[in-house]
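Student: Here it is, the structure in full.
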Amino acid sequence: MKIAYRSDVGRVRSVNEDTAWSDSYEFGLTVAIVADGMGGHKAGEVASQLAVDTFREALQDVGAALSLEERKLLMSQAILQANEVIYDMASNNEQFHNMGTTIVAALIQDDNAVIGHIGDSRVYKWRDGIMTQLTEDHTLVHELVKSGQITLEEAATHPRRNVITRALGTDEQVDVDIICTSWHAGDLLMMCSDGLTTMASPSSIMETLGQDELSLDDKADRLVQLAMEAGGDDNITVILLHHAEDTELEG
């Protein structure tokens, strides 16, 4: 496994409210997580950091390879625990009232990956020149597109396109989307905050992922650059995970 991670505050925001983390364990498990906080006045930064910290704590007692069902259960439990931690802090501290965060997390082992997801941060899989979005946005415009009320083109410029319908930490109870996907040699997972996908076009992202002459590091740099060149209106975070022989953490 090769891993590259980049995060940038962008050109407009003064604080980076994205938090991300990735690691690989000796027994064959790789974990990655991206959280995009919201709430203002540094509350979003706190929420995303709490999400990542709580998720990491949930993995502390894992000391051996896990079955697919065990990883699915661990994913759900870790995210629900993070929801409880963030919700409690928001409820008991006025300066953090209504804070929350998106979350996408991956637990990869053997020939499959378990994805946990809430919000509009995304996970894509690149395989054999084809990029597939694995997660479904929990947003108002996505619901409007699904119901046929607006088109995809209209969604891109809709005045309420930033409204999230499900987030981590904003409610006492939350539903977690759990997705399982195959993981083959040559596959690449891209996990990112919406600061990338709302700025960079799908075609430019696909072109970057498909450039075999670029290292994984270079691809991560280029993806951030694409969002910056398009305006950098939001924080930009991307984690790339490539199914390769050696485990390597870049940058």
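Taken together, the values in this text are just the output of simple stated rules run on the coordinates, not laboratory data. Computed from a predicted structure; not experimentally measured. Cβ sites come from the backbone with ideal geometry, for glycine too, and all protein chains shown count toward neighbours.
Student: Taking square-rooted eigenvalues a ≥ b ≥ c of the alpha carbon gyration tensor, is segment 153-247 rounded, prolate or oblate, where a/c under 1.5 means rounded and, failing that, a/b exceeding b/c means prolate?
Tutor: It is oblate, given that a/c is not under 1.5 and a/b is not larger than b/c.
Student: Over the C-alpha atoms of segment 1-75, what are the Rg and the largest Cα-to-Cα span, Dmax, in Å?
Tutor: Over segment 1-75's Cα set, Rg and Dmax evaluate to 14.7, 43 Å.
Student: How large, in Å, is segment 49-153 by the Kirkwood hydrodynamic radius built from its alpha-carbon pairs?
Tutor: Across segment 49-153, the inverse of the average 1/r is 15.9 Å.
Student: Please compute the contact order of the chain in relative form: average sequence separation of alpha-carbon pairs under 8 Å and at least six residues apart, divided by the residue count, as a percent.
Tutor: 30
Student: Hey, another quick one. For the chain, set up a GNM with springs between Cα atoms under 10 Å and report which of ILE115, ILE103, ILE178 has the largest fluctuation.
Tutor: Ranking ILE115, ILE103, ILE178 by mean-square fluctuation puts ILE178 first.
Student: More than 22 angstrom separation, counting every C-alpha pair in segment 109-188; what % is that?
Tutor: 38
Student: Please report the antiparallel percentage of DSSP beta bridges with both residues in the chain, rounded to the nearest 5.
Tutor: 95
Student: Sticking with this structure for a sec: Can you tell me the relative contact order of segment 36-111? Whole percent, Cα pairs under 8 Å, sequence separation 6 or more.
Tutor: 48
Student: Let me ask something else. Using the structure shown, list the pairs from LYS42/LYS72; LYS72/LYS219; LYS42/LYS219; LYS72/LYS125 with a Cα-Cα distance above 23 Å, or answer none.
Tutor: Pairs exceeding the cut-off: LYS42/LYS72; LYS72/LYS219; LYS42/LYS219.
Student: While we're looking at this one, here's another question. Measure off 7 Å from each Cα along the Cα-to-Cβ vector at ASP171 and HIS158, then give the distance between these two points in nanometres to one decimal.
Tutor: Here the modelled spin labels are 1.8 nm apart.
Student: Pull out the extension gain between ASP233 and LEU73, defined as 0.36 nm times the separation in residues minus the alpha carbon to alpha carbon distance; nm, one decimal.
Tutor: 54.0 nm
Student: Continuing with the same structure: In nanometres, what is the gap between the two model label sites at GLN81 and SER215, each 7 Å from Cα along Cα-to-Cβ?
Tutor: Result: 3.5 nm between the two label points.
Student: Now a separate question. Which entry is the computed semi-axes √(5λ) of the Cα gyration tensor in Å for this structure: (1) 25, 23, 17; (2) 35, 21, 19; (3) 37, 25, 14?
Tutor: Working out semi-axes √(5λ) of the Cα gyration tensor in Å from the coordinates points to (1).
Student: Taking the convex hull of the alpha carbon atoms in segment 75-210, what volume per residue do you get, in Å³?
Tutor: Once divided by residue count, the hull of segment 75-210 is 122 Å³.
Student: Still on this model: Which order do the peptides 28-38, 81-91, 51-61 come out in when sorted by mean C-beta neighbours inside 10 angstrom, highest first?
Tutor: 28-38, 81-91, 51-61
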